[in-house]
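Derivation of every value follows stated rules applied to the coordinates shown; laboratory data play no part. Predicted model only: the values in this text are computed from it and were never measured. Glycine gets a Cβ as well: all are built from the backbone with ideal geometry, and neighbour counts include every protein chain shown.
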Amino acid sequence: MRRRAHTQSLLASDSGVTIELVIGAIKAVVIVLLVLGLTTLMLWFERKGSALIQDRIGANRADIFGLGKRLGMPNFGVINTVLADPIKMFTKEDFVPDGADRFLHGLAPFLALFPVIITFAVAPMGDILKIGKYQIDLQPANLDVAALYVLATIGIGVYGIALGGWASNNRWALLGGIRASAQMISYEIAMGLAIIAVVVTYGTLDLQQMCRAQGGVWFGFLPRWGILLQPVSFLLLLISGMAESKRVPFDLPEGESELVAGYFTEYSGGKQAVFMMTDFAEVLLVAVLITVFFFGGWQVPWLYRDGFHFPGGAAWPLPNLVVAILQFAAFWIKVIILSCLQILIRWTLPRLRYDQLMRLGWKGLVPLGLLNLVATAFVVVAAGGK
Amino acid sequence: MNYGLTTWFPIAVTIGLVGLIVLTMVTINRLIGPRPPHTSVKGEAFECGNPPSGSAWGRFSVRFYLTALLFLVFDVEVVFLYPWAAELRSLGMFGFVEALVYIAILFVGLAYAWRRGVLDWS
């Protein structure tokens, strides 16, 4: 309600609407570009990180005209990931098998990427940024039903994968596609239950309000982050999120020892690149959701709207701009750390078997999620609903 | 007021951007990718080198359909619980008990599927 009144005051004139729309568009462009950039960063982390974990050297050859070598710079495989890999991908033939449904085969990569990227549109990247007379909420789209929106967009993510597998008219691809569908819908329920428990805890569907509720401290020093209230929910979301992103240990839809490459067996070139991007964007998305629900979103410990208030009683007042930058940086640093955690898990654990996967989902996570939800709701109601 | 427009506009922009990204990637590939001649062998579905045995669009295990049915039931449950979760504080103990009955009824469904072996894949 407060925000609606605030929005209306901004919309006092027509130019107010135009400026509001422009600000919204800028926020959307910023978050999409950031996600694209971070996707590349994750790709690099994955390549060099996996090499580090497996005691290999990893990508270290590609260079531009031997420039790096001549300048004596160590080669960290950045050019490999940022330049050489995409160029190699784009110079492949865009192949569609004869028996495939050409239209759906082309549509599937878009349907896979689009739900993942549009979910970022409700990610709160910071609190309020004041520029002149404008108060910019650093959440691209200020939905008051954002948690429901997240569940909806994650729900449609299965279409691109299932369609990609089906349209290829290839047995491996079809098997990968239906495996992916069954896996994603199974773990979506656990994910939904984990998010509901968080919604019950904060009593709101608004992600920005959830982040604000995680400000402040307990016992004078402990940040009020959601993980301390909902540890079970955090584990549920992490596991089901990793299953949704279809990476090891949940990579049965593309298990290369069984299914060649799963649902993208018949894809090459640019379309294959879109599927790969989807993978890494999903890793980032899970990290964003966990950050928002359990790690305070943009909250920096002891940082308030007017600056730092340290546990000892010391205070360090800061201008609004600095606070906003700190929050923005904190949000993305948390996201990167949680993405690295997922990459670490991906390169540590072996793959599950399909029956183990389904058992974990239906017999483990779903009952646990229901139990956690009921327990949370009971505590909230018994505490008198504040 | 224009509350709806200004709220949803960033999402529309994001959707447009995704379309643009995918279109750019596919178009770059079309422009700079090679176009070797198409042969009937190359156009076959890849089945590890064996000649493909007919179309893949046939029947597959009924378990996947059962999982999809179970999913429908429980996903609808989850969606119905969202408004309840957001308003639980004002509903109080009455709302909690009502949702408990609702969850319990659906849990019986899960227990039934469990007993019938729908969840066993081995």
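What average number of partner chain Cβ atoms lie no more than 10 Å from the Cβ of the residues making up B:67-77? Could you put the intermediate results ahead of the total?
Details: counts 9, 5, 0, 5, 9, 1, 1, 11, 6, 0, 5.
Per-residue shielding by partner chains comes out at 5.
Projecting each Cα onto the charge dipole of segment A:13-82 (Lys/Arg +1, Asp/Glu -1 at the beta carbon, about the Cα centre), which of A:PHE65, A:PHE45, A:VAL32 comes out farthest on the positive side?
Farthest towards the positive end: A:PHE65.
Determine the dipole magnitude for segment B:5-115: charges of +1 sit on the beta-carbon of Lys and Arg, -1 on that of Asp and Glu, nothing else is charged, the reference point is the Cα centre, and the result goes in debye to the nearest 20. Could you put the intermediate results ahead of the total?
On the way: 7 positive and 6 negative charges, 86 e Å.
Approximately 420 debye in magnitude.
Hey, got the average number of other protein chain Cβ atoms within 10 angstrom for residues in A:163-172?
Numbers: counts 0, 0, 1, 2, 1, 3, 5, 7, 12, 5.
Average per residue, whole number: 4.
Find, among the trypsin sites (Lys or Arg not before Pro) in segment B:39-122, those assigned to loop by DSSP (not H, G, I, E, B) with at most 13 other beta-carbon atoms within 10 angstrom. List each step's numbers first, then the result.
On the way: sites: B:LYS42, B:ARG59, B:ARG63, B:ARG89, B:ARG115, B:ARG116; in loops: B:LYS42, B:ARG59, B:ARG116.
Passing sites in segment B:39-122 are B:LYS42, B:ARG59, B:ARG116.
Kindly express, to the nearest 10 degrees and within the range 0 to 90, the angle between helix B:62-115's C-alpha long axis and the longest C-alpha principal axis of chain B.
Once rounded, the angle reads 40 degrees.
Sequence gap at least 6, Cα distance under 8 Å: using those rules, report the relative contact order of segment A:222-378 to the nearest whole percent. Could the numbers behind the result be given before it?
Details: 134 pairs, mean separation 45.2, N = 157.
Once divided by the residue count of segment A:222-378, the mean separation gives 29 percent.
Any idea what the relative contact order of segment A:94-382 is, in percent, if you count C-alpha pairs under 8 Å spaced at least 6 apart? Walk me through the numbers before you get to the answer.
Details: 475 pairs, mean separation 72.3, N = 289.
Relative contact order of segment A:94-382: 25 percent.
Can you tally the net charge around A:TRP225? Count Lys and Arg as +1, Asp and Glu as -1, for every other residue whose Cβ sits under 14 Å from the Cβ of A:TRP225.
+3
Going by amide H atoms built from the backbone, whose H comes under 5 Å of the H on A:TYR304, apart from near neighbours?
Result for A:TYR304 returns A:HIS309.
Describe numerically, in nm with one decimal, the distance between label points set 7 Å from Cα along Cα→Cβ at A:ASP306 and at A:ASP98.
Roughly 7.7 nm, to one decimal.
Under the classification rounded if a/c is under 1.5, otherwise prolate if a/b is larger than b/c and oblate if not, where does segment A:94-382 fall, given a ≥ b ≥ c as square roots of the Cα gyration tensor eigenvalues? Could the numbers behind the result be given before it?
On the way: a/c = 2.41, a/b = 1.71, b/c = 1.41.
Taking the square roots of the gyration eigenvalues as a ≥ b ≥ c, segment A:94-382 is prolate.
So what's the gap between the Cα centers of segment B:1-44 and segment A:229-299, to the nearest angstrom?
21
Non-local amide H neighbours of A:LEU352 (under 5 Å, H modeled in plane, Pro and chain starts lacking H): which ones?
Counting only residues 5 or more places away or on other chains, the set is A:ASP251.
Anything in chain A that counts as a DSSP H helix reaching 30 Å or more along its axis (C-alpha) with Kyte-Doolittle mean of at least -1.0? List them, would you? Mind dumping the intermediate values first?
Working: long enough: A:14-53 (56 Å, 1.48); A:146-167 (32 Å, 1.64); A:171-202 (46 Å, 1.19); A:269-294 (38 Å, 1.57); A:320-346 (39 Å, 1.91).
Sorted by number, the helices that extend far enough and score high enough are A:14-53, A:146-167, A:171-202, A:269-294, A:320-346.
Which number gives the lysine pairs in segment A:94-382 that have C-alpha atoms under 24 Å apart and are eight or more places apart or on different chains? Provide the component values of the computation, followed by the final result.
On the way: A:LYS130/A:LYS334; A:LYS246/A:LYS271; A:LYS246/A:LYS334; A:LYS246/A:LYS363.
Lysine pairs satisfying the spacing and distance rule in segment A:94-382 number 4.
So what's the net charge close to B:GLY117: Lys and Arg +1, Asp and Glu -1, counting the other residues with Cβ under 13 Å from its Cβ?
Values: positive: A:ARG359, A:LYS363, B:ARG63, B:ARG115, B:ARG116; negative: A:ASP355, B:ASP120.
Residues near B:GLY117 contribute +3 overall.
Just counting partner chain Cβ atoms within 10 Å, what average do the residues of peptide A:356-366 show around their Cβ? Show your work: numbers first, answer last.
Details: counts 2, 1, 7, 4, 0, 2, 11, 4, 0, 0, 5.
For peptide A:356-366, the averaged partner shielding equals 3.
Using a cut-off of 11 Å between beta-carbons, work out the net charge of the residues near A:ARG247 (Lys and Arg +1, Asp and Glu -1, A:ARG247 not included). Intermediate values should be presented prior to the final figure.
Working: positive: A:LYS246, A:ARG346, A:ARG351; negative: A:GLU46, A:GLU244, A:ASP251, A:GLU254, A:ASP279, A:GLU282.
My count for the surroundings of A:ARG247 gives -3.
May I ask you to derive the relative contact order of segment A:118-231, considering only C-alpha pairs under 8 Å and at least 6 residues apart, and to give it as an integer percent? Write down the numbers at each step before the final one.
Details: 109 pairs, mean separation 27.1, N = 114.
24 percent.
In whole angstrom, how far apart do the alpha carbon centroids of segment A:38-53 and segment B:68-122 sit?
Segment A:38-53 and segment B:68-122 have Cα centres spaced 39 Å from each other.
What Kirkwood radius, in Å to one decimal, follows from the Cα pairs of the protein assembly as shown?
On the way: mean 1/r = 0.0407 Å⁻¹.
Every distinct Cα pair counted, the radius reaches 24.6 Å.
Working from Cα positions, state the angle (0 to 90°, nearest 10) between the long axis of helix B:3-32 and the longest principal axis of chain B.
The angle comes out at about 20 degrees.
Determine, from the Cβ-Cβ distance of B:VAL108 and A:GLU258 and an R0 of 45 Å, the FRET efficiency 1/(1 + (r/R0)^6), rounded to the nearest 0.05. Please list the in-between numbers first.
Details: r = 36 Å, r/R0 = 0.79.
Efficiency at R0 = 45 Å is approximately 0.80.
Residue farthest toward the positive end of the dipole of the protein assembly as shown, with Cβ of Lys/Arg at +1 and Asp/Glu at -1: which of A:VAL288, B:PRO37, A:MET358?
Most positive-ward Cα: A:VAL288.
Which of A:GLU93, A:GLU244, A:GLU256, A:GLU46 has the fewest other C-beta atoms within 10 Å, and how do the rest follow up to the most? Before the final figure, lay out the partial values.
Details: A:GLU93 15, A:GLU244 26, A:GLU256 11, A:GLU46 22.
Fewest to most other Cβ atoms nearby, the residues stand as A:GLU256, A:GLU93, A:GLU46, A:GLU244.
Name the residue farthest towards the positive end of the dipole of the protein assembly as shown from the options A:GLN54, B:VAL79, A:VAL379, assuming +1 on Cβ of Lys and Arg, -1 on Cβ of Asp and Glu, about the Cα centre.
It is A:GLN54.
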